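A short reminder: the numbers here are calculations on the coordinates, not readings from a lab. Just so it is clear, the structure is predicted and the values come from calculations on it, not from any experiment. Note that each Cβ is placed from the backbone with ideal geometry, even for glycine, and that neighbours are counted across all protein chains shown.
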Amino acid sequence: MLHESGRLDEAYLHITRAKELDPLSSVSRYVRSNILMSMRRYDEARLEVLTGLDLDPDFAHFYQTLINAEVNLWNWQGVLDAAERALKRPSTEFFGIIAKVTGLWILGDRDTADEALDRLVEMSNRIAGTRIYYTARLLYYAQRYEEALAIYEKDPTEPRELAWRPLRLAYIRTVMGDLPQAAQLLEAASQAAERLDGNFARPELFARNLLFYRGLVAALDGRSVEARELVEELEADLQGRNLYYDVARLRFAMGDVDQGFDLLNRAIAARAPDELAELPVDPLLDPYRDDPRFQAILGIMGLAGARGGSG
């Protein structure tokens, strides 16, 4: 597919033509919104799905894009508004709970967020498909790692997810401190990608994440030389892809705190709000939440006084 292969301009042109031929097609509108998200045109993606929801309020996947757009725009009230709207219909309840947990956790209401997350886990145990990965991601933010592992350990229902399964497991094992197991899973992910020869979901993003996770394991394992080589490889691509957040997390893991904060501030200066979307809730950054520089960034994001994380 053009979108998954990174040919975004071509993909956008094709889906726009498809939408013009059938303006009422929810699928075309949803695909177009996802392409706009990949192009970092978040306001347009948001408008696309809001219009789509007016036409087809039961098309649940519109909320998938809407939640991501609101988070990447740092529109926290918009996340809660999406939750309220989605929770009114049984067909969209799953994404409504995702939005509710996301908004409440970021804003610091952890008790209410955990209650909603329990409901999401219960629903995820009864369904299949890639939707349950949203639940696992939220469990990671809540530092409920064993539950996140249980979801990621399920056999993928789609062959295109086969390479991603060990990669996701590796990340959870890394933050749990099980570095030998994480390293084995990263090797398994690499081998799976080679066998599939690029015929799986988002191979370019997979390669970037694999590089980041290898650097993270090396940094946390005290292999500083290897970690620096990997972080330098990622930094070489900063101008082209704005990977400030991933490199910042590696710098923090390596103990280069000042450089980590510098990279976070560069993301703000580059007007790349999506780069910091995970910052309010990322467990890897918990040790730095009381740093005035961290609090200043939260203030810029409209989250002054909110801690997120586990603290």
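Structure summary
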quantity: Estimated [θ] at 222 nm from DSSP helical runs (n ≥ 4, -39500 (n - 2.57)) normalised by residues in the chain, nearest 500; calculated: -21000 deg cm²/dmol
quantity: Simple spin-label estimate for R266 and L47 in nanometres, 7 Å along Cα-Cβ; calculated: 3.3
quantity: Between region 217-286 and region 40-75, the Cα center-to-center distance that results, in Å; calculated: 28
quantity: Charge tally in the Cβ shell below 11 Å around L80, where Lys, Arg are +1 and Asp, Glu are -1, L80 excluded; calculated: -2
quantity: Overall Cα dimensions of region 1-134, principal axis frame, Å, largest first; calculated: 45, 28, 28
quantity: Where labels lie 7 Å past Cα in the beta-carbon direction, separation of D109 and R7 in nm; calculated: 4.6
quantity: Structure-derived Kirkwood radius over Cα pairs in Å: which label, when the choices are [x] 20.2; [y] 20.8; [z] 21.7; calculated: [x]
quantity: Tilt relative to the chain, helix 42-55 - C-alpha long axis, 0 to 90 degrees, to 10; calculated: 30
quantity: Kirkwood hydrodynamic radius (C-alpha pairs) into Stokes-Einstein, region 120-213, 20 °C and 1.002 mPa s, D in µm²/s; calculated: 159
quantity: Rounded FRET efficiency, nearest 0.05, which uses the C-beta distance separating D81 from E122 and R0 of 30 Å; calculated: 0.80
quantity: Partner aspartates and glutamates for K100 [C-alpha distance under 14 Å; skip if fewer than 8 residues away on the same chain]; calculated: E70, D81, E84, D109, D111, D114, E115, D118
quantity: At 1.002 mPa s and 20 °C, Stokes diffusion of region 156-306 via Kirkwood alpha-carbon radius, µm² per second; calculated: 133
quantity: Under 14 Å, Cβ to Cβ, from L179 - net charge with Lys/Arg +1 and Asp/Glu -1; calculated: -1
quantity: Distance between modelled label sites at N199 and M176, nm, 7 Å Cα→Cβ extension; calculated: 3.3
quantity: Rounded tilt (10° steps) of 164-175 against the dominant C-alpha axis of the chain; calculated: 50
quantity: Pairwise FRET efficiency - M39 versus Q191, Cβ, R0 = 35 Å, nearest 0.05; calculated: 0.65
quantity: Alpha carbon convex hull of region 92-168, volume per residue in cubic angstrom; calculated: 86
